[in-house]
Amino acid sequence: MKWLFIAIIVMATTVGEVMQALGMRQHGEIHDFRPGAIGRALALLSRNRFVIGSVVAMAVSFFAYMGLLTISDLSFAVPATAVTYVLETVLAKYVLKERVNGLRWAGACLVICGVALVSL
């Protein structure tokens with residue numbers, strides 16, 4: 001059951017964070033931090049389908065994480081779900097078309113090694 005929770009967490013978090021990046025790229029940079037401007041930005045973001053999808057996906061991830069913590073130790077749950085960093089790096093390169101340098105790939109490889117060690 002814990003591996004099912006981990007799979008749900010990893011997929012939902014990965015999808016949620018990529019959708020969040022897409023939504024914020026559509027919206028553009030927020031320059032004005034006055035209360036009225038923040039309210040307008042929040043109103044626009046609340047209608048962005050990628051941001052809405054991101055919130056839903058992250059909620060699924062949150063509740064799956066709560067479920068995982070009921071059956072597993074925190075010292076297992078946190079590192080095991082860190083595989084999201086690897087998937088997000090891959091999606092950043094191929095979906096978001098970001099440049100991912102060798103140092104970032106090396107970091108992703110280290111995360112994979114850490115997840116493997118914890119899962120043994």
Residue, surrounded by the most Cβ atoms within 10 Å (Cβ to Cβ), within the stretch 1-48, restricted to residues that are over 30 Å from Leu69 (Cα atoms) and among the charged types (D, E, K, R): Arg40
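When you check Glu98 against the structure, is it of a type in the set (Asp, Glu), modelled with pLDDT of 90 or more and closer than 24 Å to Leu117 by Cα, yes or no?
Details: of a type in the set (Asp, Glu): yes; modelled with pLDDT of 90 or more: yes; closer than 24 Å to Leu117 by Cα: no.
For Glu98, the condition - of a type in the set (Asp, Glu), modelled with pLDDT of 90 or more and closer than 24 Å to Leu117 by Cα - is not met.
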The stretch 70-85 residues that are under 17 Å from Glu17 (Cα atoms), paired with ones that are among the small types (Gly, Ala, Ser) and part of a helix (DSSP H, G or I) (beta carbon under 7 Å, 6 or more apart): Ala82/Gly114; Tyr85/Ala108
Contacts under 6 angstrom Cβ, first residue in the stretch 21-37 being in a loop (DSSP other than H, G, I, E, B), partner surrounded by 10 or more Cβ atoms within 10 Å (Cβ to Cβ) and at pLDDT 75 or above, 6 or more apart: Ile30/Ala41
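Inside the stretch 2-30, can you point out the residues that are at pLDDT below 90 and either touching a helix residue (DSSP H, G or I) at 6+ places or on another chain (Cβ under 8 Å) or under 30 Å from Pro79 (Cα atoms) (or both)? Walk me through how you get there before you give the answer.
To start, the set of residues in the stretch 2-30 that are at pLDDT below 90 comprises 24-30.
Once the filter is applied, which keeps residues that are at pLDDT below 90 and either touching a helix residue (DSSP H, G or I) at 6+ places or on another chain (Cβ under 8 Å) or under 30 Å from Pro79 (Cα atoms) (or both), the stretch 2-30 yields Met24, Arg25, Gln26, His27, Ile30.
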Residue satisfying all of: in the stretch 75-117; of a type in the set (Phe, Trp, Tyr) and touching a helix residue (DSSP H, G or I) at 6+ places or on another chain (Cβ under 8 Å); least open to solvent (accessible area, probe 1.4 Å) among these: Phe76
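The values are calculated or read from the model by the stated rules, or taken from the named source; none is laboratory data. The structure presented is a predicted model; accordingly, all values stated were derived computationally and were not measured. In this analysis, Cβ positions are derived from the backbone assuming ideal geometry, glycine residues included, and neighbour counts consider all displayed protein chains. SASA here: full protein model, heavy atoms, side chains in, ligands and nucleic acids out. Shrake-Rupley method; radii C 1.70, N 1.55, O 1.52, S 1.80 Å.
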